[in-house]
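Report on the following structure.
The values are calculated or read from the model by the stated rules, or taken from the named source; none is laboratory data. Only a predicted model underlies this, so the values are computations on that prediction, with no experimental measurement involved. Cβ atoms come from the backbone with ideal geometry, glycine included; neighbour counts cover every protein chain shown.
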Amino acid sequence: MVRYPNEDSTMTARHAMLNRLRDRNVETALERDFYCSQEDYQTDLEMIWYRDWLFVGHDCEVLNPGSYLTVQIGEFPVIVVRDRDGGLRAFHNTCRHRGSRICSAERGTAPRLVCPYHQWTYALDGRLIAARDMGSEFDKSKHGLKSVHCASVGGYIWVCLGQVAPDFEPIRRHIEPYFLPHKLHQTKIAFQSTIIEQANWKLVWENNRECYHCAANHPELIRTFPEDPTATDGNSAASNARTAAKWGHWESIGLPSKFHLSANGQYRTVRTPLLEGAVSFTMSGKAAVQRPLADSVTEPDIGTLLMYHFPTTWNHVLADHAISFRVLPISPTQTQLTTKWLVHRDAVEGVDYDIRELTGVWLATNAADTRNCQENQIGVNSPAYDPAPYSPIHEAGVTQFVHWYCTHLEGRLLDDAK
Ligand code: FES
Ligand SMILES: [Fe+2]
């Protein structure tokens with residue numbers, strides 16, 4: 001049997017992590033190492049990021065044959081391509097010759113994928129179709145690009161790096177009804193921002209999963225977004241009379257709205273009312289885009305459709321635009337957050353929308369959240385870090401995320417130990 005030099009230490013670290021997961025205090029944030037140690041970060045990559053379905057981009061970014069987008073997932077560069085038949089394919093963005101990354105642009109269009117190093121050339125289906133001067137014995141058919149699982153639903157593209165991907169159908173069945181009315185494949189990216197936050201990816205999520213910090217940190221957002229957790233989060237929305245009435249109306253006009261959490265706690269959809277009189281995330285509360293996001297959804301007040309899927313994405317879909325957020329880990333204490341603003345594909349900047357009005361609230365909100373997460377990381381790095389219980393009123397969403405993380409990780413570690 002081949003033994004790898006670090007196999008024993010890897011197994012010891014994983015065994016220790018299992019014990020720490022089991023011994024944790026479920027009423028508080030995780031202990032320090034989960035947020036800053038290299039070993040725990042590597043375990044997160046191998047147990048979660050390299051095995052789960054991850055949101056990488058939108059169908060509208062790769063509409064035509066040959067259009068592609070690239071993404072870096074931990075150590076893996078990946079390319080997603082629209083093939084000649086209109087299907088989506090994903091490959092490891094690593095040349096089969098000597099390994100060069102093939103496509104370095106974040107997005108582009110190419111009739112074939114040509115490695116810039118020695119020009120090995122791949123068809124859009126990943127076959128190697130040209131490799132100069134490799135001799136008569138060389139078999140091109142053995143050196144196609146390695147494929148990555150790829151799926152799309154509701155305008156969202158997902159990849160999975162695992163050998164065997166988890167069943168995508170439950171995700172599709174859950175998300176599709178909520179997103180189909182909004183026709184996100186008929187939109188365009190009006191604006192995009194990417195931030196590298198100096199914080200562990202779980203701190204970025206924990207910050208996202210509560211609005212306990214909103215009053216003090218998000219004066220722009222709370223002009224339109226309710227801080228009240230019974231209006232925005234969890235099953236408690238069902239006990240909020242205004243939310244319940246809105247759900248009834250929206251569902252009657254063909255917009256699925258009720259709170260729906262997946263059985264494993266990994267993803268959730270719910271349509272949430274904005275504050276009275278607000279229809280969009282602007283300083284005035286008025287629509288930022290004059291043209292509705294989807295031609296078929298003309299009612300201006302449809303609140304915001306919230307969707308999250310751990311570990312990569314949370315989202316807002318409004319009547320006039322949609323905003324997607326993509327989380328990717330960079331290091332134990334660095335996380336990339338990419339935010340995209342989607343509008344109707346025929347909406348015209350300067351005519352139908354003003355880019356500053358469209359993006360202002362969430363750019364400010366992201367900036368404040370970046371500060372929150374970075375300061376949280378600096379404090380957690382301290383040996384004196386000693387977390388107190390979560391607020392049962394405001395931090396149930398954080399508790400839910402951390403519970404998902406711990407049980408998911410524990411399940412994967414136990415599976416691997418078999
Ligand atoms: S590494 Fe790609 S062609 Fe040589
Ligand atoms: Fe925030």
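Below is a table of values for the structure above.
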| quantity | calculated |
| --- | --- |
| Sole exception among (1) surrounded by fewer than 16 Cβ atoms within 10 Å (Cβ to Cβ); (2) within 29 Å of the chain's Cα centre (by Cα); (3) of a type in the set (Ser, Thr, Tyr) for Ser136, by number | (2) |
| Qualifying residue in segment 360-374 (condition: surrounded by 13 or more Cβ atoms within 10 Å (Cβ to Cβ), of a type in the set (Asp, Glu) and outside the structural domain of Glu197 (by TED's automatic domain parsing)) | no |
| Residue match in segment 295-304 (condition: hydrophobic (A, V, I, L, M, F, W, C), touching a Leu at 6+ places or on another chain (Cβ under 8 Å), in contact (Cβ under 8 Å) with a residue 24 or more places away in the chain and not in a strand (DSSP E or B)) | yes |
| Verdict on Asp23 being more than 26 Å from Val327 (Cβ to Cβ), free of Cβ contacts under 8 Å to residues at least 12 places away in the same chain and among the charged types (D, E, K, R) | yes |
| Near pairs, Cβ below 6 angstrom, 6+ apart or cross-chain, from segment 341-356 (closer than 16 Å to Ser324 by Cβ) to any residue that is of a type in the set (Phe, Trp, Tyr) | Trp341/Phe191 |
| Top-ranked residue in segment 87-126 [being within 15 Å of ligand 1 (Cβ to nearest atom) and of a type in the set (Lys, Arg); ranked as surrounded by the most Cβ atoms within 10 Å (Cβ to Cβ)] | Arg96 |
| Condition broken by Glu206, with the remaining ones in (1) buried (at least 19 other Cβ atoms within 10 Å of the Cβ); (2) touching a His at 6+ places or on another chain (Cβ under 7 Å) satisfied | (2) |
| Qualifying residue in segment 43-51 (condition: without any contact (Cβ under 8 Å) to a residue 60 or more places away in the chain, farther than 30 Å from Ala384 by Cβ, away from ligand 2 (no atom under 16 Å from the Cβ) and not in a helix (DSSP H, G or I)) | no |
| Selection count, segment 389-418, where residues are within 16 Å of Asp23 (Cα to Cα) and outside any helix (DSSP H, G or I) | 1 |
| The listed residue being away from ligand 1 (no atom under 16 Å from the Cβ) and either under 22 Å from Ala287 (Cβ atoms) or under 17 Å from the mean Cα position of the chain (by Cα) (or both), out of Asn207, Asn217 | Asn207 |
| Residue check, Phe179 among the aromatic types (Phe, Trp, Tyr), surrounded by fewer than 20 Cβ atoms within 10 Å (Cβ to Cβ), touching a residue at least 60 places away in the same chain (Cβ under 8 Å) and assigned by TED's automatic domain parsing to the domain that holds Ser262 | no |
| The one condition in (1) of a type in the set (D, E, K, R); (2) touching a Lys or Arg at 6+ places or on another chain (Cβ under 6 Å); (3) over 23 Å from Ala287 (Cα atoms) that Asp352 fails to fulfil | (3) |
| Residue in segment 313-322 that is in a loop (DSSP other than H, G, I, E, B), more than 30 Å from Asn264 (Cα to Cα) and of a type in the set (A, V, I, L, M) present | no |
